[in-house]
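The values are calculated or read from the model by the stated rules, or taken from the named source; none is laboratory data. Given the structure is predicted, the values throughout are model-derived calculations rather than measurements. Ideal geometry is used to build each Cβ from the backbone, glycine not excepted, and the neighbour counts take in all protein chains shown. Accessible surface is based on the protein model in full, side chains and every heavy atom, while ligands, DNA and RNA are left aside. Shrake-Rupley method; radii C 1.70, N 1.55, O 1.52, S 1.80 Å.
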Amino acid sequence: MNSLHIIGNLTKDPELRTTSTGLSVCSFTVAVNRKKTKDGQQETDYFNVTAWRERGETCAKYLSKGKKVSVVGPVSVDIWESKGKHGASLEVTAEEVEFLSPRSEAKPAQPEPQVDQQ
């Protein structure tokens, strides 16, 4: 079974887009702090998260940079090469997302545009 549970903070605002077939997909990165090392250094791991359909739309609506979130889902490793440099990133497909920041910190809903009906 491939399932990862992470708790951390968003590194930037989520990005919502729509595929060519009309599916909503939201992408964001979660920074997860490890326990401090013996010399007191804090290490952080970064996970790229993808949330699909209604889950993605909800994430885009209520999450923003710095918000604490819990994500559960399968993880994969994306290995890349660019200009002679090699790297890897951890990709999580969100099956569960729980917003952990207090509601008082939630971003305000966007006001609906007013239409003059004269």
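So which lysines can Lys35 reach, going by Cα to Cα under 21 Å and dropping same-chain residues fewer than 8 places off?
Lys67, Lys68
Just subtract the alpha-carbon distance of Ser27 and Tyr46 from 0.36 nm times their residue separation and send over the number in nm, one decimal. Intermediate values should be presented prior to the final figure.
Details: separation 19, 0.36 × 19 = 6.84 nm, distance 1.31 nm.
Value of the extension gain: 5.5 nm.
Per the helix-only calculation at 222 nm, which mean residue ellipticity applies to the chain, given -39500 (n - 2.57) for every DSSP H run of n ≥ 4 and division by its residues, nearest 500 deg cm²/dmol?
Values: 1 runs with 10 residues, N = 118.
It comes out at -2500 deg cm²/dmol, rounded to the nearest 500.
With the full set of protein chains in place, find how many percent of the accessible area of the chain is carbon and sulfur; take the probe as 1.4 Å. All intermediate terms of the calculation are to be shown ahead of the outcome.
On the way: 4270 of 8760 Å².
Of the solvent-accessible surface of the chain, carbon and sulfur hold 49 percent.
Can you give the charge dipole size of the chain about its Cα centre, rounded to the nearest 20 debye, using +1 on the beta carbon of Lys and Arg and -1 on the beta carbon of Asp and Glu? Spell out each step's value before the answer.
Numbers: 16 positive and 16 negative charges, 91 e Å.
Here the size comes out at about 440 debye.
Per-residue counts of other Cβ atoms within 10 Å, averaged by peptide: what ranking do you get for 60-66, 2-8, highest first?
Those peptides, ordered most packed to least, come out 60-66, 2-8.
Can you pull the accessible area of Thr21 for me, 1.4 Å probe, Å² to the nearest 10?
Estimated to the nearest 10 Å², Thr21 gives 110 Å².
Which whole-number percent is the relative contact order of the chain (Cα, under 8 Å, 6+ apart)? All intermediate terms of the calculation are to be shown ahead of the outcome.
Numbers: 241 pairs, mean separation 31.3, N = 118.
It comes to 27 percent, rounded to a whole number.
Report the paramagnetic label zone for His5: residues of segment 57-74 whose backbone N is under 20 Å from a point 7 Å from Cα along the Cα-to-Cβ axis.
The answer is 68-74.
Using Cα positions and a limit of under 25 Å, work out the lysines in reach of Lys85, with same-chain residues fewer than 8 apart set aside.
Lys12
Measure nothing but the geometry: give the 0 to 90° angle between the long axis through the Cα atoms of 53-62 and the longest principal axis through the Cα atoms of the chain, rounded to 10°.
Taking Cα atoms only, the helix is inclined about 90 degrees.
Taking a probe of 1.4 Å, how large is the accessible area per residue of the chain, in Å²?
Heavy-atom accessible area per residue stands at 74 Å².
Residue by residue, what Karplus-based ³J(HN,Hα) values in Hz, rounded to whole numbers, does segment 45-50 have, using 6.51, -1.76 and 1.60 with θ = phi - 60° and x for Gly and Pro?
With coefficients 6.51, -1.76 and 1.60, one gets 10, 10, 10, 7, 10, 10 Hz.
How large is ³J(HN,Hα) for each residue in segment 81-97, as worked out from phi by the Karplus curve 6.51 cos²θ - 1.76 cosθ + 1.60 (θ = phi - 60°), to whole Hz, x for Gly and Pro?
In residue order, the calculated couplings are 9, 8, 6, x, 9, 10, x, 8, 9, 9, 10, 10, 9, 5, 9, 9, 9 Hz.
Of Ser27, Met1, Leu90, which is farthest along the charge dipole of the chain in the positive direction, counting Lys and Arg as +1 and Asp and Glu as -1 at C-beta?
Leu90
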